[in-house]
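Laboratory data are not the source of any read-out in this text; all were calculated from the coordinates shown. Keep in mind it's a predicted model, so treat the numbers as computed, not measured.
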Amino acid sequence: MRMVKRTILGAIQIVLMSAATIASAVEAPMLPADLSKNSNDLQRAVWACEGGATSFQEGSGQKGSGRARFFLGTVDASASRSEPPLTLQDNRLSGLGSLSNDNGWSNIRFDCTLSPDLRKPTAFKFEVVSPTPNDSSSPDDSNAAKTVSTGKSWYVDTSGPIVLTHGVKETDDRDFIASCVKSSGEIQVSLTQTLKWLKDGNYVTVGISGGPGSGLYVGRGVTDDSLGVATPVFRTSAKDPLLGWIASGSSLHINLGGESTYDVSLKGSAQAAKTFAAACNS
């Protein structure tokens, strides 16, 4: 009887050792230093998890997934728009996304754990929520559109909450508005471009790049009475690199949910952006 117990315990130890060997064999790539340096936390986490997700599928021995590519934060119109597509808490990123493999496109729910610097995933798991209809476009098919900035300028209003605007003064012709309460350390950004499906309370990912810098944000639809539609609004830290890009770049490239892109001119933005940042952080 004792010999049987020892044999069973030995077998268990071998299984555990084998499992540990498989787990340690999964080595996801680290996000390059230049990409990490020129991105905000959410963008850094998404890039790292997308780049390393396939490693964990291969390490787990999953079959039949084919050449998998993950797009985190973007989903087909058939998926839920009523919950945040991305949530970053400490070093854990979770939410919704899309998967492309030999079986086609699917909407997924995922969970990704990262290193403290958000450059390397240490665990990634997902489940398929629903297949993407065949008549849907892929998440990275964007409808590019350029905005014309004739007559617009950058200016700051400090008469109430501090507001940084790119638009025509004393009109509703604006394409970028950032506001904050003095010394609050947080800013709210409102965009006037929108997507047809965005409704009040719905969520959409907002990508903003300026020069080499790239940031990702989660916008929520808020009805703009002057426009009569819901437009994306998001909050972020006043120390987010976005204000630095506005102060030093030539244009902001804005991507709404991977479906629509446009540019905002940064001509004459430097002083206004610096004044706004100083007031929000002081």
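Straight-line cross-link partners of Lys274 among the aspartates and glutamates, defined as a Cα under 16 Å from its Cα and at least 8 positions apart when in the same chain: Asp157, Glu186, Asp240. Taking amide H positions as modeled 1.01 Å from N, with prolines and chain starts lacking one, the residues under 5 Å from Gly73 and 5 or more places away or on another chain are Leu96, Gly97, Ser98.
Remark: the range 215-231, residue by residue, has Karplus-estimated 3J(HN,Hα) of x, 10, 9, 10, x, 10, x, 10, 5, 9, 4, 6, 9, x, 9, 8, 10 Hz, where x stands for each Gly or Pro and the curve is 6.51 cos²θ - 1.76 cosθ + 1.60 at θ = phi - 60°.
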